Amino acid sequence: MFAQTRFGTIAVGVVMMARVLPGFLVGPLAGVLADRWDRKKTMVAADLGRGLLVFSLPFVPNLAYFIVVSALLESLTLLWGPAKDASLPHFVERAQLTHANSLSLIAIYGPWPLASILFASLAGLGSFVGDHVEVMRGLSDNPEAMALWVDALTFAFSAAMISTLAIPSSKTGAGRFDLRAVKRDLIEGLQFVAAHKQVRPWMLGIAITFTAAGGVFSLGPEFTTQILDSGPSAYGFIIGSFGGGMLVGLIASGFLAKHLSKDVLFSSSVILLGVGLILLASMSSVGAVVPIAAALGFFGGVGYSVGYALIQETSEEELRGRTFGAAYTLIRIGTLIGLGVFPLIAGAIGDNTVDLVGGATLALPGSRVTWWIAGLLVIGGGILSTTAIGARRSPGALQAVRNSFFVVFEGGEGAGKSTQMAAFVKWLQSRGDDVVVTREPGGTRLGERLREVLLDTSSSLDARAEALLFAADRAQHAAEVIKPALAKGRIVVSDRFLDSSLAYQGLARGLGLKEIYELSSWATGGLMPDLVFLLTVDPETGKARLSGERDRLEMEGDDFHDRVADAYLELSTKFTDRFVVLDGTRSASQVHADVVAEFEVRSAGRVVAPGRSYQAAPGPVPR
Ligand code: TYD
C-alpha cells in the first residue's frame, strides 16, 4: 500500500517480485540456519532487523531503496518463519499443534483487512500530528511514516516477547559458520524431505495445491468476467467468501483433528479441494460460485493447518527448521508457477464451444478448462499424499531419516589403525560433523574392566570364555554408546568391532564364523557397521612396528597372527559391502587420502534411518 501511494501501481508489481524472489534463495538456507543457529536469537534478530528496515523507509523515499528493503524484509521473514514453526512444538503439546498452527495463521492473515483500516487511520494521524506539532512538521508531507513507525514498533514488541521465551537452542547452535557444514546440512535437509515416506507426499500435496491456487488467482478475474459475466466487485465477493471459508476451516481443523487422523484429514481435504475446484469451474453464476468458494476456502484452511501440524510432528527436532524451509520454498515456487503458467495454458487452449445434441451449445472458455485441469492436478496431489497414510504403519517410518554413520577400523597388530583413526576423526570434525570416537574392547566403564581381563597377560582364558567376554563387552558398548549416538544422527568411529571377533575368535581361534557371528549379533541386537576400513600389513612388519609391552593377544605366536591376517582377508572378500581394504604399508597420508575418498563415496547420498542398521534383520549369516 505504501508502495502504491508513493510510486504508482506498476511499482507494486516490482515490489511483489522483490518479495517473492528471495524465497528461492533464502527459503532453503533459512531452514538450515533455523537448525544451526539458536532459534530464539534468530527470531529476535530477524524481528529487530525487520523493525529497523520498516522504520528506515520514510527516510529514504526512493523506489530502489524500497525494493531492496522489500527483498530484505522477505528474507528476514523467511528466516523467522522456519525458526518459529520449528520452535512451536516446544510450547504446544502434540494434540494441540493443529490449534496452534491455525491460530498462528489467523494471526498472520486475519488482520489484513484490519491492517488496511489501521494504516489509513495512522496515516491520518500522521498528517494531523505533522500539521499541529512543530517538531513533527515533516509528517505532513509523509503521512504514512506514522503507520510505518508503528509497524516497526510491533516488530520490536515481538522481539521483546520472544526474548522472554525459553526455547532450547538447536544442537549445532554453538557451531561456527562453516560453508561446508551449511552445504551438508542443506543436503541432509533435502534428503530428509525427499526420502521420508510421509513428509515427501505431504510436501508434494502442499506444492501441487499451491500451484493450483496460483492458477486460480491468476485466472480468477478472467473467469468472473467471461463466464460469470460479472465485474470486479463479484470477484472481490468470491475471494471474500473463500477467505471466510478458510478462516472457518482453520478454526475447525483443531476440532476435526481430535476426531480424525490428521493424515486422513489432510489427504481428504486436498482431494475435496480438487473436486470443489472442478465443480466451481463448471458453474456459470455468481450465486452458485460463492458457496463453493467458501467450501474451497474451508478445505484449504483445514489442509494447511493439519499439514503443518503433521510435518511438525513427524520431522525430528534437529531437522525441523530445514523441513519448513523446504515447505516455504515449495509453496513459493508452486504459487509462482501457478501464477505464470496457468494463464499461458488458458491462452493456449483458447475459447471453444461444443455443440450438444438438440442444437444447444456449451461454452468452454480457456479459463474453465484450465481450472478443470488444476482441479484434477489437486486431486492427483491429494491421492499422492495418501501414500503417507500407508507409510505410517511401516515400522520406523515416524523416525527421521538422517546421516548417522557407523565406521569401524580393523586390522592386525601394528597396521596403523590408531594413526588413521585419529586423522579420519580430525577430518570429520573439521567438516563440522558430530563424531563419537570409541573402541573395543573398552568404550564403556564395564568394557574397560573387561579389557583389563582380556588383555592381561596373566589371565588364562579359555577360547570360549574369551569370545563371550568380547561379546559381553560389545553388548554393553552397543547399548550404551553406539546405538544412542546413531539414534542422534552422529557419526560413530570405532577402533575394532564385530569383525575383530570374527577374525580372532571365529577364524584364528577356530571357534567358527557362524557361531561367533550369531553370538555377536545376539549381543548387539544385530548392529552392523556401515563401513569397515581394513588396514593390512604383513604380520612381520606389524610386529616390528609394535612398541611398549605386549598384551595377551600380541604375545600369541606368529602362526596365530598369520591366521588373523588371513582371516581378515577372507572376511573382506566375503563382506564386500562393508569392507574397504587399504594397504597399510604405504605412507600415513596416502592411506588417509584413501580413507577420506572411500568414506565420501560410501556415505554420499546415503540416508540412514536411525536404527536401520540395528533394528533391521541381521545381515547375511556367514557360512
Ligand atoms: P588393542 O590394544 O585394542 O589392540 P590394537 O592396538 O591392536 O587395536 O587390543 C585389542 C586386542 O583384542 C587385539 O589384539 C585384538 C583383540 N580382540 C579380539 O580378539 N576380539 C575382539 O572381538 C576384539 C574387539 C579384540
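Roll a 1.4 angstrom probe over the protein heavy atoms and tell me the percent of accessible area of segment 403-615 that is carbon or sulfur.
Details: 4580 of 9100 Å².
The C+S portion of the solvent-accessible surface of segment 403-615 is 50 percent.
Listed highest first by mean packing, meaning other Cβ atoms within 10 Å per residue, what order do 475-481, 72-78, 541-547 come in?
Listed from highest to lowest mean packing, they are 72-78, 475-481, 541-547.
For Phe579, list long-range residues whose amide hydrogen, built 1.01 Å from N in the peptide plane, is under 5 Å from its own amide hydrogen.
Val532
In sequence order, what are the phi-derived ³J(HN,Hα) couplings for segment 365-373 according to the Karplus relation 6.51 cos²θ - 1.76 cosθ + 1.60 with θ = phi - 60°, rounded to whole Hz, with x for glycine and proline?
Values per residue, Gly and Pro as x: x, x, 5, 5, 4, 5, 5, 4, 4 Hz.
For segment 544-555, take each phi angle, set θ = phi - 60°, evaluate the Karplus expression 6.51 cos²θ - 1.76 cosθ + 1.60, and give the result in whole Hz per residue in order, putting x for glycine and proline.
Using θ = phi - 60°, the values come out as 5, 6, 5, 10, x, 6, 7, 8, 4, 7, 5, 6 Hz.
Taking 45 Å as R0, compute the FRET efficiency from the Cβ-Cβ separation of Ala194 and His132 and round it to 0.05.
Computed FRET efficiency for Ala194 and His132 comes out at 0.15.
What is the extension gain from Phe217 to Asp562, computed as 0.36 nm multiplied by their sequence separation minus the C-alpha to C-alpha distance, in nm to one decimal?
116.6 nm
How much length is gained if the chain between Arg545 and Phe237 is pulled fully straight, taking 0.36 nm per residue apart and subtracting their Cα-Cα distance, in nm to one decimal?
102.3 nm
Given the Cα atoms of segment 458-608, and with Rh set as the inverse mean 1/r over their pairs in the Kirkwood sense, what is Rg to Rh to two decimals?
Here Rg/Rh amounts to 0.96.
Take every Cα pair under 8 Å in segment 197-394 that's 6+ residues apart, average their separations, divide by the length, and report that relative contact order as a whole percent. Kindly include the intermediate steps, with their values, before the conclusion.
Working: 311 pairs, mean separation 82.4, N = 198.
Contact order relative to length: 42 percent.
With a probe of 1.4 Å, find how much accessible area segment 403-615 has per residue, and write the answer as a whole number in Å². Mind dumping the intermediate values first?
Working: 9100 Å² over 213 residues.
It amounts to 43 Å² per residue over segment 403-615.
I'd like the projected area of segment 468-552, averaged over all directions, using the convex hull of its alpha carbons. Report it in nm² with one decimal.
Directional mean of the projected Cα hull area for segment 468-552 stands at 6.7 nm².
If the convex hull of the alpha-carbon atoms of segment 197-394 is projected onto planes in all directions, what is the mean projected area in square nanometres?
12.2
Taking every Cα atom in segment 368-503, find the radius of gyration and the maximum pairwise distance Dmax, and write them in Å.
23.7, 89
Over segment 403-615, what relative contact order in percent results from Cα pairs under 8 Å that are six or more residues apart?
In percent, rounded to a whole number, it is 34.
So what are the ³J(HN,Hα) numbers for segment 222-232, from phi and the Karplus equation (6.51, -1.76, 1.60; θ = phi - 60°), rounded to whole Hz, Gly and Pro as x?
Result, ordered by residue: 4, 4, 5, 6, 6, 8, 8, 6, 10, x, x Hz.
Using a 1.4 angstrom probe, figure out how much accessible area segment 197-394 has per residue, in square angstrom, rounded to the nearest whole.
40
In terms of modelled amide H atoms, which long-range or inter-chain residues lie less than 5 Å from the amide H of Val492?
Under 5 Å from the amide H of Val492 lie the amide H atoms of Phe405, Phe406, Val407, Val436, each far enough along the sequence or on another chain.
In whole angstrom, how far apart do the alpha carbon centroids of segment 510-568 and segment 427-491 sit?
For segment 510-568 versus segment 427-491, the Cα centre distance is 15 Å.
Of all accessible surface on segment 197-394 at a 1.4 Å probe, what whole percent is carbon and sulfur?
For segment 197-394, the apolar C and S fraction of the accessible surface comes to 73 percent.
Over all pairs of distinct alpha carbons, what does the Kirkwood formula give as the hydrodynamic radius of segment 203-294, in Å?
14.1
The values are calculated or read from the model by the stated rules, or taken from the named source; none is laboratory data. No experiment lies behind these values; they were computed from the predicted model shown. All Cβ positions, glycine included, derive from the backbone under ideal geometry; neighbour counts span all protein chains shown. Areas reflect the complete protein model, heavy atoms only, side chains present, ligands, DNA and RNA absent. Shrake-Rupley method; radii C 1.70, N 1.55, O 1.52, S 1.80 Å.
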